[in-house]
Amino acid sequence: MLTWVGLLWMIESVDVMTGHALDTFGIVPRQLGELRDIIPAAFIHFGFHHVAANSLPLLVLGFLAALRGTTRFLSVVFVIVMASGGGVWLVAPSGTNTAGASGVVFGLFGYLLVRGFVDRRLIDIAVGLIVAVAYGSILWGVLPTAAGVSWQGHLFGLVGGVCGAFLFRDRPADGLIR
């Protein structure tokens, strides 16, 4: 996770040094050519304040989500990125440009909240409850309350994380809680 967050800071540094040339990799809604930007948009930010706001939650939630294995983690993140970016592409206001890792942050939050219940693991239920207490206030970010903030990316990221928990579940054969 440190490498990933370091990469985000490096990308933003390059963006600033090039006069924000990388901002074109954000998602502009409902333009077919913009579908190719769904993945890169999760790595692009609109300034250092933007990447800073995503760094700590991405480190913490990403670390916790990755504890069940790298392959599962990367699969879940892929689902989150596609859901968040796809949702932005479908419903964000015309003429906007959306980028950033906050959709991934919201997705990892949703994934960690439900993973324990889906997998029937007490330790993961406990992790989900701790995450809910520590980061639960971010749920306000799925509401259209702040101008310039993509509630669409947040909402669809959250949905993608919950879907990821179900898609990549690891339930015991006997159905019992472990």
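The values are calculated or read from the model by the stated rules, or taken from the named source; none is laboratory data. As the structure is a prediction and not an experimental result, all values here were calculated from the model. Ideal geometry is used to build each Cβ from the backbone, glycine not excepted, and the neighbour counts take in all protein chains shown. Side chains are part of the model used for accessible areas, which takes the heavy atoms of the whole protein and leaves out ligands, DNA and RNA. Shrake-Rupley method; radii C 1.70, N 1.55, O 1.52, S 1.80 Å.
In Å², and per residue, what accessible area does segment 39-145 have when probed at 1.4 Å with the other protein chains present?
Details: 4630 Å² over 107 residues.
Using a 1.4 Å probe on heavy atoms only, each residue of segment 39-145 averages 43 Å².
Sorting 30, 72, 115, 120 by accessible area puts them as 30, 120, 72, 115; the probe is 1.4 Å, largest comes first, and only protein heavy atoms count. Taking a sphere under 15 Å around the Cβ of residue 125 and counting the other residues whose Cβ falls inside, with K and R at +1 and D and E at -1, yields a net charge of +4.
Calculate the dipole size of the chain relative to its Cα centre from +1 charges on Lys and Arg beta carbons and -1 charges on Asp and Glu beta carbons; express the result in debye to the nearest 20.
580
The slack in the chain from residue 49 to residue 91, taken as 0.36 nm per residue of separation less the alpha-carbon distance, amounts to 12.6 nm.
For segment 1-153, carbon and sulfur atoms together expose 74% of the accessible surface, with a 1.4 angstrom probe and every protein chain in place.
Available extension along the chain between residue 78 and residue 143 is 21.1 nm, counting 0.36 nm per residue and deducting the alpha carbon span.
Amide H contacts of residue 121 (H built 1.01 Å from N, in plane; Pro and chain starts excluded): 178 sit under 5 Å, all sequence-distant by 5 or more or on other chains. Placing unit charges on the Cβ atoms of the charged side chains and taking the dipole of segment 35-162 about its Cα centre, the candidate lying farthest along the positive direction among 128, 106, 89 is 128.
Taken about its Cα centre, segment 1-98 carries a charge dipole of roughly 360 debye when the Cβ of each Lys and Arg holds +1 and the Cβ of each Asp and Glu holds -1. Contact order, relative form, for segment 18-67: 28 percent (alpha carbon pairs under 8 Å, 6 or more residues apart, mean separation divided by residue count).
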